[in-house]
Amino acid sequence: MSIKHSQNWRPAASIATLKERARIIQQIRRFFIDKDLLEVETSALCQATVTDLHLHGFESTFNNPLRPQRQTLYLQTSPEYGMKRLLCAGSGPIFQICKAYRNEEAGRNHNPEFTMLEWYRPGFDHFQLMAEMDELLTLILACPSADKITYQHVFEQHLGVDPLNISLQELKALAAKHGYGDIALAEHNGDNLLNLLFSQHVEPKIAHDRPCFVYDFPASQAALARVSPSDRRVAERFELYFKGKELANGFHELSDANEQRRRFEQDNHQRAAAGLPVRAIDEYLLAALKSGLPDCAGVALGIDRLLMLALQKQDIAEVMAFPINHA
């Protein structure tokens, strides 16, 4: 046995913290059960994964003794696709607390295996879902009610430009002004520059004293959200920030199967251009959407980051039993 293993076998979080973790997760569960949401479980291992350019899933190989050919399976980055299939099957309002997996960095705010809360509300739009999330946050964090601001307004406020009406060349010049000239020179995707500028020059300046919902993201960043019928430049999508942490990402959900297929294919074109592997499109999800997704809103929230705020911890490892370097 190595010295490292003999010293690091203990959990990273204290037992007292793990007891608080369990109490808060029970509190979250009661919040949804009291509202008559059905708790569900969906598969962690699936035959398809996300096409999103910025999400990287783990791959595994299924050696089925009854089949001669090995099968590639993916650990899910979120339970979204499975939960939408349940909604299409008539589940009604649902929630899930589960492990999710992203093959990305490990650090103060990240672990490749983490706990996610995701829920869906038929009959809600994204504003109604933000109100319900605000209710949950004030319960768990005992914090003031959240601010709400559009992506356009907060970008103008802190960077002095309109992100919905800026050209790629203007974006490159803005990025260069803030010290990202080398990145801007090689970049052909305006959204990548918007994301860079937003993460470095907007996120650190908001949500210090109370949570903040940023909503109406550019339509080019719609992901699985609807484009607004009143302003085709924006998507009915929101993100939640508090004290330097991105906590949640929510949508008024896209229900058009053809449009969703087009977006998946567009993602794959961008992946190929970036030298990333093209991903198989989740045909089960598209078939479910074709059968009919009820008008609904949904959101995913990172429980470990929420616990960091609730328990005043500075590192995600402090709220986990066994983060990746202890696993």
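The values are calculated or read from the model by the stated rules, or taken from the named source; none is laboratory data. On a predicted model such as this, the values are computed, not experimentally measured, just so you know. Heads up, the Cβs are rebuilt from the backbone with ideal geometry, glycines too, and the neighbour counts pull from every protein chain shown.
Values for this structure:
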| quantity | calculated |
| --- | --- |
| Among (1) over 25 Å from THR138 (Cα atoms); (2) in a loop (DSSP other than H, G, I, E, B); (3) under 21 Å from the mean Cα position of the chain (by Cα) - the single one GLN314 does not satisfy | (1) |
| Only one of TYR81, TYR74 that is outside any strand (DSSP E or B), among the aromatic types (Phe, Trp, Tyr) and within 30 Å of VAL278 (Cβ to Cβ) | TYR81 |
| Residue that is modelled with the highest pLDDT [pool: residues in the range 252-299 that are surrounded by 14 or more Cβ atoms within 10 Å (Cβ to Cβ) and β-branched (Val, Ile, Thr)] | VAL299 |
| Residue, nearest to ALA222 (Cα to Cα), within the range 266-280, restricted to residues that are out of contact with any helix residue (DSSP H, G or I) (no Cβ under 7 Å at 6 or more places or on another chain), of a type outside the set (A, V, I, L, M) and in contact (Cβ under 8 Å) with a residue 40 or more places away in the chain | ASP267 |
| In the range 54-68, the residues that are of a type outside the set (Gly, Ala, Ser) and in a loop (DSSP other than H, G, I, E, B) | HIS54, LEU55, HIS56, ASN63, ASN64, PRO65, LEU66, ARG67, PRO68 |
| Options ALA89, ALA100, ALA184, ALA146; residue that is more than 29 Å from LEU45 (Cβ to Cβ), out of contact with any His (no Cβ under 9 Å at 6 or more places or on another chain), modelled with pLDDT of 95 or more and not acidic (Asp, Glu) | ALA146 |
| Answer from LEU117, LEU136, LEU174, LEU129 - the residue that is in a helix (DSSP H, G or I) and in contact with a strand residue (DSSP E or B) (Cβ under 7 Å, 6 or more places away or on another chain) | LEU129 |
| Selection within the range 198-223 - hydrophobic (A, V, I, L, M, F, W, C), outside any strand (DSSP E or B) and crowded, with 22+ Cβ neighbours inside 10 Å | ALA207 |
| Selection within the range 10-53 - in contact with a Phe, Trp or Tyr (Cβ under 8 Å, 6 or more places away or on another chain), surrounded by fewer than 15 Cβ atoms within 10 Å (Cβ to Cβ) and assigned to a loop (DSSP other than H, G, I, E, B) | GLN47 |
| Flag for SER230 being free of Cβ contacts under 8 Å to residues at least 24 places away in the same chain, farther than 27 Å from ASP304 by Cβ and outside any strand (DSSP E or B) | yes |
| Among residues of the range 248-274, those that are small (Gly, Ala, Ser) and not in a helix (DSSP H, G or I), counted | 4 |
| Long-range neighbours under 6 Å by Cβ, at least six apart or interchain, first residue closer than 14 Å to LYS290 by Cα within the range 75-96, second buried (at least 19 other Cβ atoms within 10 Å of the Cβ) and aromatic (Phe, Trp, Tyr) | LEU87/TYR120 |
| Filtered residue count, the range 70-91, keeping only those that are touching a strand residue (DSSP E or B) at 6+ places or on another chain (Cβ under 9 Å) and surrounded by 15 or more Cβ atoms within 10 Å (Cβ to Cβ) | 15 |
| Residues located in the range 210-225, provided they are under 16 Å from the mean Cα position of the chain (by Cα) and free of Cβ contacts under 8 Å to residues at least 60 places away in the same chain | GLN221, ALA222 |
| When residues of the range 104-144 are limited to those that are among the aliphatic types (A, V, I, L, M) and free of Cβ contacts under 8 Å to residues at least 24 places away in the same chain, the one surrounded by the most Cβ atoms within 10 Å (Cβ to Cβ) | ALA131 |
